[in-house]
Amino acid sequence: MPRTESMSGATLRQQLVNIDTETAALNARLSALATEREQVVAALKRVVYPIIDIPLELTAEILRHFVNDGQHDVGSRWRTHAALVAASVCGVWRSVALATPALWSTLNLQHRGRRSPSHRHCSPHVDGTRMPHRRLCDEAPLRGEATLDVERLIHLQTLSLKPARRSGTALPLVTFASAPALRAIRIDGITSRWSELASSRLTSLSLRQVDTAECLAALGQTSALETLELIHLKKHVPPTAQGVILSHLRTLTLELSAPYREETLQDEDDVQGYIMPLLEQLTLPSLTTLNMQGGAVPENFTRLCKLIQRSQCTVTHLSLTEIDYDDGLDELLNATPELRSIRLSEAGVLRLIDDQPLSIAASSLVAMIAGELEDSGFRALQHVGIESDDAEYPADHLQSVLRVLAAAGGASSLRNFEYSNTKASAYVYNKVMDRVDAALAAVAASDSRCIVNIQNSRGSKSTQKRYLLYCLGDDVQESA
């Protein structure tokens with residue numbers, strides 16, 4: 001731009017005219033661009049995108065698959081809630097997401113106290129290409145106490161609580177307890193205040209690694225419970241603890257450690273780690289289903305028998321997994337004569353006796369079932385499933401079961417008998433399976449109306465019988 005000090009008046013006036021002319025031209029251009037922009041926007045709005053053209057019902061179904069993929073757990077603990085991501089795609093998806101309650105049945109809220117940092121320091125040596133996809137905020141924290149309006153939680157049915165790895169401010173549990181539709185709660189390791197959630201509205205409660213005393217106190221407030229899951233409870237029952245009657249409870253699930261070695265049963269303190277507390281304090285008159293994983297020690301079986309006797313309940317479904325010991329198993333079966341189904345799975349690592357693996361639970365159970373059927377016991381039993389890790393089939397007991405079925409014919413209540421052996425060998429087949437073959441043939445020829453399934457890990461072949469599925473190894477060879 002030339003210096004104006006040396007210009008004459010006529011020159012300056014001419015330059016001002018030029019500036020005004022150029023400004024007018026620019027304003028005209030801007031006006032034309034604004035008009036053109038409006039036309040382009042209008043044309044753009046008339047474009048129908050495939051994502052918008054999808055029927056709303058189908059869009060809702062797509063979002064449901066995206067959020068949970070058929071699972072109960074919605075979203076990842078380390079990522080933004082999937083429903084929030086789906087609702088951020090476009091206005092249509094947001095409207096559909098907000099109008100689809102199934103997407104919001106479970107919502108992970110990661111809580112963090114003020115003492116924790118609001119950012120994560122990352123080393124410059126970390127692969128930079130991965131960082132944009134890793135925890136943009138540290139566990140999506142709540143920077144303080146959550147202030148939730150209980151009137152907006154009218155559809156909350158299931159609540160899961162799990163402590164963060166770092167301590168922080170207390171969770172706002174009382175707010176959740178007031179949710180009118182809350183019926184199921186899962187607690188994992190919360191050490192304080194979780195019992196505030198107990199109420200007479202709850203029908204399902206799952207407790208993992210919580211204090212036994214607080215658990216007992218909470219159960220006293222949950223009179224409507226129908227399902228109870230107790231997993232690795234901590235500490236012992238207080239000496240002054242009072243009993244609890246849960247009149248509506250139908251399903252009890254217990255999970256404990258499995259004592260894989262015989263020597264672990266010699267120390268009284270070690271034995272306590274495999275015993276489920278609270279069993280002596282519970283009375284469950286409506287109990288029908290009993291599930292237990294691990295904890296195969298006589299003390300547990302005895303306590304369960306006393307619970308059944310005290311409750312005067314009728315257990316019809318029994319499931320025992322990770323079982324490696326049979327002491328007391330017969331006592332439990334005698335306490336449940338009205339069983340309709342029973343499943344037993346041996347532990348993957350079996351008890352060692354004289355440095356040799358020994359599996360006796362499955363064989364003992366087959367023998368007990370054979371004896372009961374021969375004595376006309378288990379009149380209501382319809383389904384039996386046994387999974388064994390023993391290297392040998394309990395051939396004599398299997399033969400007894402099958403012969404009883406053949407003799408009973410259609411009069412037997414048993415509809416399905418399944419025995420699965422994961423460590424069978426061809427040598428065992430050659431020695432004993434000819435007797436089982438004969439018994440199976442008798443079952444197939446009779447009107448037993450029972451599916452018999454015997455499996456191993458070496459392949460299978462099946463006979464074409466209407467009511468019989470019989471699987472054996474293809475690689476059976478003659479032995480010397």
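Hey, does the range 54-70 have a residue that's at pLDDT below 80, of a type outside the set (Phe, Trp, Tyr), surrounded by fewer than 17 Cβ atoms within 10 Å (Cβ to Cβ) and under 30 Å from Leu173 (Cβ atoms)?
For the range 54-70, residues at pLDDT below 80, of a type outside the set (Phe, Trp, Tyr), surrounded by fewer than 17 Cβ atoms within 10 Å (Cβ to Cβ) and under 30 Å from Leu173 (Cβ atoms): present.
May I ask you to list pairs of residues, at least six apart or on different chains, whose Cβ atoms are under 7 Å apart, with the first in the range 446-465 being within 15 Å of Leu405 (Cα to Cα) and assigned by TED's automatic domain parsing to the domain that holds Ser388 and the second being surrounded by fewer than 16 Cβ atoms within 10 Å (Cβ to Cβ) and modelled with pLDDT of 50 or more?
Final answer for the pair search is Ser446/Gly409; Asp447/Gly409; Asp447/Gly410; Ser448/Gly409; Ser448/Gly410; Arg449/Gly410; Cys450/Asn416; Ile451/Asn416.
Answer with yes or no whether Arg310 is at pLDDT 85 or above and farther than 21 Å from Leu207 by Cβ.
Yes.
Which residue is modelled with the lowest pLDDT, if the candidates are limited to the range 262-292 and must be among the polar types (S, T, N, Q) and within 22 Å of Thr203 (Cα to Cα)? Break it down into steps so the answer makes sense when it comes.
Start the filter on the range 262-292 by keeping residues that are among the polar types (S, T, N, Q), which leaves 264, 266, 272, 281, 283, 286, 288-289, 291.
Now narrow it down to the ones that are within 22 Å of Thr203 (Cα to Cα): 281, 283, 286, 288-289, 291.
Numbers: Gln281: 92, Thr283: 96, Ser286: 97, Thr288: 97, Thr289: 97, Asn291: 96.
Checking each candidate, the answer is Gln281.
What do you reckon, is Leu249 farther than 20 Å from Leu329 by Cα, among the hydrophobic types (A, V, I, L, M, F, W, C), at pLDDT 90 or above and surrounded by 21 or more Cβ atoms within 10 Å (Cβ to Cβ)?
Numbers: farther than 20 Å from Leu329 by Cα: yes; among the hydrophobic types (A, V, I, L, M, F, W, C): yes; at pLDDT 90 or above: yes; surrounded by 21 or more Cβ atoms within 10 Å (Cβ to Cβ): yes.
Yes.
State all residues of the range 187-202 that are surrounded by 17 or more Cβ atoms within 10 Å (Cβ to Cβ) and at pLDDT 80 or above; if no residue qualifies, say none.
Hits for the range 187-202 are Ile187, Leu197, Ala198, Ser199, Leu202.
Out of the residues in the range 347-380 that are of a type in the set (Ser, Thr, Tyr) and touching a Leu at 6+ places or on another chain (Cβ under 8 Å), which is modelled with the lowest pLDDT?
Taking the range 347-380 and keeping what is of a type in the set (Ser, Thr, Tyr), we get 359, 363-364, 376.
Keeping just the survivors that are touching a Leu at 6+ places or on another chain (Cβ under 8 Å) gives 359, 364.
Numbers: Ser359: 60, Ser364: 83.
In this case the residue turns out to be Ser359.
Which of the residues belonging to the range 219-237 are more than 18 Å from Gly295 (Cα to Cα) and out of contact with any strand residue (DSSP E or B) (no Cβ under 8 Å at 6 or more places or on another chain)?
The answer is Gln221, Ser223, Ala224.
The values are calculated or read from the model by the stated rules, or taken from the named source; none is laboratory data. A quick note: this is a predicted structure, and the numbers were derived from the prediction, not measured. Backbone-built Cβ (ideal geometry, glycine too); neighbour counts: all protein chains shown.
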